[in-house]
Structures are given as structure tokens and as C-alpha cells.
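Values in this text are rule-based calculations from the coordinates and carry no lab data. Source: prediction; values computed, not measured. All Cβ positions, glycine included, derive from the backbone under ideal geometry; neighbour counts span all protein chains shown.
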Amino acid sequence: MNEIVERLTQKAGLSPEQAQKAVETIADFVKEKFPMLGGAVDQLFTSGGGAGSNSGGSGFGGFGGFGQ
């Protein structure tokens, strides 16, 4: 998740706190709209899986290649 937060701070000009809140909001939205992905979203954002591990660096590689 740190990589996503860093990109939001660099590319969108958000503060680290704003970027963190944005990522949390997106994760909550995905879990609400797609409950079957809840466990994957939790794992992705809490285990650091979004920091490029097994995802080609996108953070979303586990979702059918979304974001690659």
C-alpha cells in the first residue's frame, strides 16, 4: 500500500494523510460493491501486497490483471 500512497502524493499532490485516506476509501468502496473481493482487498492493502509483490508493481495484478 505504501507504493500507492507514494504515487498519490507525487502524482496527485496529496499529503500522505490524504493519500492514505483515499486508498482506504477506495478499498472500502470495492469491498462494499464487490463483497466477494473483500478478503483479497483486505490482504492487498493490509499485507503490503500493493507494494508490487506479484502484481507487476500495479497493486492490482491479482484482480484479473486489472491495472497491468
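Summary of computed values
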quantity: Which of GLU6, GLU32 has the fewest Cβ neighbours within 10 Å, and the rest in rising order; calculated: GLU32, GLU6
quantity: Cα convex hull of region 2-51, projected area averaged across orientations, nm²; calculated: 3.1 nm²
quantity: Full-stretch length increase - PHE29, GLN43 - with 0.36 nm per residue and alpha-carbon distance subtracted; calculated: 3.5 nm
quantity: Table column - 3J(HN,Hα) (Hz), region 24-31, Karplus curve with 6.51, -1.76, 1.60, x for Gly and Pro; calculated: 4, 5, 5, 4, 4, 4, 4, 5
